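Encoded as structure tokens, the structure appears first; notes follow it.
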Amino acid sequence: MVPFESIMSATVLDGKKIGRLIEEELHNRIISLQSKGVSPHLAVVIVGDDPASHVYVRNKEMACERCGIQSTRIDLEEGISEQEILDTVHRLNSDDSVHGILVQSPLPDGINESLVTDAISPEKDVDGFHKMNLGRLVQGDASGLLPCTPAGVMKILELSNIDVSGKNALIIGRSRIVGMPMSILLAQRGIDATVTIAHSRTENLSEICRRADLVVAAIGRPEFVKSDWIKPGSTVIDVGINRIIDSSRKSGYRLVGDVESGASDIAENITPVPGGVGPMTIAMLMSNTIMATEIQSQ
Ligand code: GUN
């Protein structure tokens, strides 16, 4: 029998609460911009009808409403050409009333996402995916526009007083949006984690995971990380938001993360799904939009 004392519940890192705090802290900067006649304005481009992307974009629009940021949504049809998407980006680049531009990912098959990202003016690149902004980050300057999800994870760690200096950090997933920039932020001077990036070719992942003091799961597969891979006392950041069929629900589905729910009995700290990383991504997008507006109105 497992002794009662050995079953502990992790501290839940409440991304919704922390995200709202970050949004509230933007208030004075927004007032100050407005007093100079500048109205922060985010343009969101969405191509096609991927239901999850539409939910994310709606959440971004609602955050703009909460913060007092103007938002414009540009819906483009699934079959649109790459050139037409680039034309839309160029038009937004030269519109002085627009301070932030975001093209929701994924784009339909056949569209080169990097080409579209790099067409956005670096100072309007509120996703932080432009090679100029990522290059600055690789050079050790994290003061610019940072990718929102990794920046949100860093904020959760900072505001929850979780020190990863010298610790083993495992990132599962090497995406352009999360895994790769996350690795740079965690390894940067002053944060000083010892970073491992795992991916589909990684051998002995369960063993690597059992040595990790911090796990950032960003692989996009429901409950891929098993509870018995989690080191007692570790921090688990679950970036995954996966829909799985659940006929007992009215919606017909429920959301699960990339980590098995039992991990919360073993880890010391864990982010919930939903309500963990998702709201932090949105709060960092609001923060980037204000930073971009300030840079452009200097
Ligand atoms: N798709 C999933 N996450 C993101 C994000 O942070 N930015 C954009 N543009 N698309 C996404």
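Summary table below
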| item | result |
| --- | --- |
| Taking 248, 175, 32 and counting other C-beta atoms within 10 Å, the order from fewest to most | 248, 32, 175 |
| Positive dipole terminus of the range 210-298, leading residue within 219, 266, 279 (C-beta point charges) | 219 |
| Rel. contact order, % - alpha carbon contacts under 8 angstrom, at least six apart, the chain | 23 percent |
| Sites residue 34 and residue 73, calculated FRET efficiency, Cβ-Cβ separation with R0 25 Å, nearest 0.05 | 0.70 |
| Average Cα contact separation per residue, the range 82-194, under 8 Å, 6 or more apart, as relative contact order % | 20 percent |
| Mean ellipticity per residue at 222 nm, deg cm²/dmol - from DSSP H runs of n ≥ 4 across the chain, formula -39500 (n - 2.57) | -11500 deg cm²/dmol |
| Under DSSP loop assignment and at most 16 Cβ neighbours within 10 Å, longest trypsin sites (Lys or Arg not before Pro)-free interval of the chain | 37-175 |
| For the chain, size of Cβ-based charge dipole, Lys and Arg +1, Asp and Glu -1, in debye | 500 debye |
| Antiparallel bridge percentage (DSSP; both residues within the range 148-298; nearest 5) | 20 percent |
| Dipole moment magnitude, nearest 20 debye, the range 71-176 about Cα centre, only Lys, Arg, Asp, Glu C-beta charged | 620 debye |
| Mean separation of Cα contacts under 8 Å (6+ apart) over length of the range 157-245, as relative contact order % | 29 percent |
| In nm, spacing of pseudo-spin labels at residue 142 and residue 202 (7 Å Cα→C-beta vector) | 1.9 nm |
| Alpha carbon centroid spacing (whole Å) that separates the range 81-97 from the range 137-159 | 27 Å |
| Entries of 17/250; 16/155; 36/155 with Cα pairs more than 18 Å apart | 17/250; 36/155 |
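Quick note: the coordinates plus some simple rules give every number you see, no bench work behind them. Every value quoted in this text rests on a predicted model; they were computed, and no experiment measured them. With ideal geometry, Cβ positions are generated from the backbone for all residues, glycine too; neighbour counts draw on all protein chains shown.
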